[in-house]
Structures are given as C-alpha cells and as structure tokens.
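One structure below.
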Amino acid sequence: MRKRLLPFIASVILLGGCWDTRNIDHIVYVHSIGVDYKNGQVIAYVQLVGFTALAKVEAGGGKEKAAVSIGKAAGETFNIATDKIYPSIQQRVSWGHVKSLVFTKQALQKGIVADVIDVLNRYNEIRHTAWVYATDEPLSELFEATPLLNASSYYSLLSNPEEIFQQSSFIRPIRLNRLIADMDEKAATARLPYLTIDRRRWIENKKPKPMLAVSGVCFLHDYTLQGCVRRSDLEGLRWLEHDIRRTPIYVKQKGKTIASLVVRNPKTKWSVKAKDGEPAFAVQVEAQGNIIELRKPLSRTQLVQLAEQTVKQEIRRLYELGKARRIDTLNVSEQLYRQRPDIWTQHQSNGLIPLGDNTLSVSVKLAIGASGKEKLNYRAGD
C-alpha cells in the first residue's frame, strides 16, 4: 500500500508549485503609463499590450492586427488615480513590464513629477529602466499610435528608441533612473525628449497613419519644467550629447544645401576657467565624417571649413537660445560644478549660473574620412 501511495504523494508535492501560476493571456500587462493634470486632478493613463499575439509572431505565425487598450482615471494624487483603474479592468494587472512613462507639459510641475516618482520608487514591480518622455498631445491619441505593418506597440518608439537613435542620432532618449539622477543634481538640467504625433508622412492601406515622432526636448531643473524647444532649434545639442553614433551635417552656402556629410562618434571636451572673475567655457568638438552628397565642386579643404563652421554655428545658436530663454541648454552649470566647484559656489543661484555674452567659445576639428565610390577632389581641382 505504501509503495502505491509514494508516487502519488511525490507527484502532488512536485505539482504543488504550479498551482499558483497563470497563463500569459490571463494577465493584462501595462506597457506605458501616461500622466496628465487638469482642474486640480492628476489623470493617469495606462496602455496595455498583449503578449499572446506577440508570441505567435516571434514563433513564426501570422501577424495579427495590433490591438491597443487604454485605461484612464483621475484622482487627487497619482496613486489614487491608478487605484481607480482596478475595479473595471476585470483581470489581474502586471506592472512589471512598463517600458515607458509619458508626462504632459501640464503635468511637468515639481509636485506632480516628484509624487509620481515617489510612487514608482516604492512599488516593487516598476523598473527604473523605463524610457521617459514629455508631450503636448492627448495621451489617449498618443497611445493609440501603433507602429507600421500591424506591429505591436511593444515595438513602438515608446519602448524601443535606442535602435532609431543609433541609426540617426539627434535627441538622446533617457531612462527613468538617469532622469532622476539629473533632476536630483543641483547644477544639472535634464533633457526630456518631446513626443508628437506625425499625421502627414505615412499612409497605410490608403489611409493616413499617425506615427510617433521625437520633435524636441523639454528641459527640467530641480523637477520643474524650464521650457521646451523644437527639434529644428536643437541641432547644436547632438555635438554635446553622449553616445552619438551617426548624425548628418547639411553644409550650406547662401542658404542652399551644397553638401551632406554623416559624422560618426564625435568627441567633445569641455574646459573651464575664470575670466575677469567670471566663469568662461571652451568646448572642443572632434569628429570624422563621410560624404553622402556633394552638389557643388569643392576641395577637401573648402568642405572641411564649411562643415566646421556649420557645427560651430549650431552650438552657438543653441547657447544663444538658452540665454534668451534662461535655460541652461548646454549644461554649462554642471560643467562648472564638476570642474571648478569654487567658482560655481560664487556665481550659482539655485544651482544654475547666469549665462553671459562671452561665456562660451567653440572650436571644431573635422576630418573627412571617405567620399564614397566617387573621389572628392576630381572636379574641384584640389
């Protein structure tokens, strides 16, 4: 009798650990969280992603039309708003796969941002590697903008910005842990990518296809929004960012583009000194570029000079824009804090230093490494 019961008892013990498991389609997974603020209420949005269809595609099955489910609730605080989502969701919720966090400009206020981060810090399922964005678009429409070709939202810009950034580096995406570190630093100004919905460039099945796009940067200092700048005014930012892999330069003469170059892995070096008792900064950019387009005969020397001048102008324009709007767009206050904290202490106000007319000098050293299958100088006589 005992011999007959032993296999049964062993199987019960071994299977006991599986009784509490749930199938993947019995749980709803929050993919993105949105935060808005209106009429004294924090409005929380959640975008849900289904892994069942995603698993079928990765296993070689047919691609189903991507479904998007969006939840919305309002409350006095962020936590109260998210708690109101549970009664009507009808399935167990997992927060362990949150890939992105989106704040509207109205929600980028010190108290709200700090409150949201406090909740996320305390909740054990949320990971601090989520990507963070700002937007002025309605969050429900932003979360409904799925990728092309019926791809899942799991592969959207919200959760996979790095691949695009490596191919065309401009505005660097930022993770939640990096954003918190920047906002906690007295002298630093955090750069938050700004999302919009592009409704003009794409058509799918003969219908306009709204697509997400990074269209600028919102600058935050001490958890407070300083201002947002559109993409076209941020060209100088890429020369000062980390991990820039590949970025284009459009060389112009008399307002017309005469050449296009692709620059890879530019290096930037800052130096700080005191000039007449005031802080002065020098930034040196070194890069190597390849010619993609040449519309006018130019020698290598002429092209290098024009490209270097273009980079200088882009950095200077961004600095002047920041000075006019009182935003430390280049993070010169942090450079001073890192290299000369004694001077920073004398001039800082709430962690930032005033930007002067002669505060920044820029030098650029650019080399042209390749010109494609066609030689560079044969038409220019160099």
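Each value in this text was obtained by applying a stated rule to the coordinates, not by laboratory testing. What you are looking at is a predicted structure, and each value in this text was computed from that prediction instead of being measured. Using ideal geometry, Cβ is built from the backbone for each residue, glycine included, and neighbour counts are taken over all protein chains shown.
Using a 10 angstrom cutoff on alpha carbons, build the Gaussian network for the chain and name the most mobile of HIS221, HIS26, HIS242.
Sorting by GNM fluctuation, first place goes to HIS26.
Non-local amide H neighbours of GLY227 (under 5 Å, H modeled in plane, Pro and chain starts lacking H): which ones?
Distant-sequence amide H within range of GLY227: PHE219.
Residue by residue, what Karplus-based ³J(HN,Hα) values in Hz, rounded to whole numbers, does the range 119-134 have, using 6.51, -1.76 and 1.60 with θ = phi - 60° and x for Gly and Pro?
Rounded to whole hertz, the list is 5, 5, 5, 8, 8, 6, 7, 6, 9, 8, 9, 5, 7, 10, 9, 10.
Compute and list, largest first, the equivalent-ellipsoid semi-axes of the range 72-134 from the alpha carbon gyration tensor, each √(5λ) rounded to a whole angstrom.
Working: eigenvalues 73, 49, 24 Å².
They are 19, 16, 11 Å, listed from largest to smallest.
Test of understanding: what is the full-extension gain from GLN91 to ASN205, defined as 0.36 nm times their sequence separation minus their Cα-Cα distance? Before the final figure, lay out each step's value.
On the way: separation 114, 0.36 × 114 = 41.04 nm, distance 3.35 nm.
Gain on stretching GLN91 to ASN205: 37.7 nm.
Collect residues whose amide H, placed 1.01 Å from N in the peptide plane, falls under 5 Å from the amide H of GLY216; neighbours closer than 5 in sequence don't count.
It is TYR194, ARG231, by chain and number.
Between LEU101 and residues 5 or more places away or on another chain, which pairs have amide H atoms under 5 Å apart, with H built 1.01 Å from N, and which residues are they?
So LEU101 has HN proximity to ILE33, TRP131, VAL132, TYR133.
If eta is 0.890 mPa s and T is 25 °C, what Stokes-Einstein diffusion coefficient results for the range 203-268, Kirkwood Rh from Cα pairs, in µm²/s?
On the way: Rh = 15.1 Å.
Using the Kirkwood radius from Cα pairs, D works out to 162 µm²/s.
Work out how much length SER271 to GLN309 would gain on full extension: take 0.36 nm times their residue separation and subtract the Cα-Cα distance, in nm to one decimal. Each step should come with its number before you reach the end.
Working: separation 38, 0.36 × 38 = 13.68 nm, distance 2.03 nm.
Stretched fully, the SER271-GLN309 segment lengthens by 11.7 nm.
Short version: ³J(HN,Hα) in whole Hz for each residue of the range 301-306, in order, from phi by Karplus 6.51 cos²θ - 1.76 cosθ + 1.60 (θ = phi - 60°), x for Gly and Pro, what are they?
Going residue by residue, I get 4, 4, 5, 4, 4, 5 Hz, with x marking Gly and Pro.
Using θ = phi - 60° and the Karplus curve 6.51 cos²θ - 1.76 cosθ + 1.60, what whole-Hz ³J(HN,Hα) does each residue of the range 166-177 get, with Gly and Pro shown as x?
5, 7, 9, 7, 9, 9, 6, x, 10, 8, 4, 5
Tell me the mean residue ellipticity at 222 nm calculated for the chain from its helices only (DSSP H runs of n ≥ 4, each -39500 (n - 2.57), averaged over every residue, nearest 500).
On the way: 11 runs with 108 residues, N = 382.
Result for the chain: -8000 deg cm²/dmol, rounded to the nearest 500.
One-quarter of the Cα convex hull surface for the chain, in nm²? Please report the intermediate quantities before stating the final value.
Values: hull surface 114.9 nm².
Its Cα hull, projected and averaged over all orientations, spans 28.7 nm².
Would you mind finding the longest exposed-site-free stretch of the chain, with exposed chymotrypsin sites (Phe, Trp or Tyr not before Pro) meaning DSSP loop and at most 13 other Cβ atoms within 10 Å?
Values: sites that count: TRP19, TYR123, TRP202, TYR378.
Result, exposed sites excluded: 203-377.
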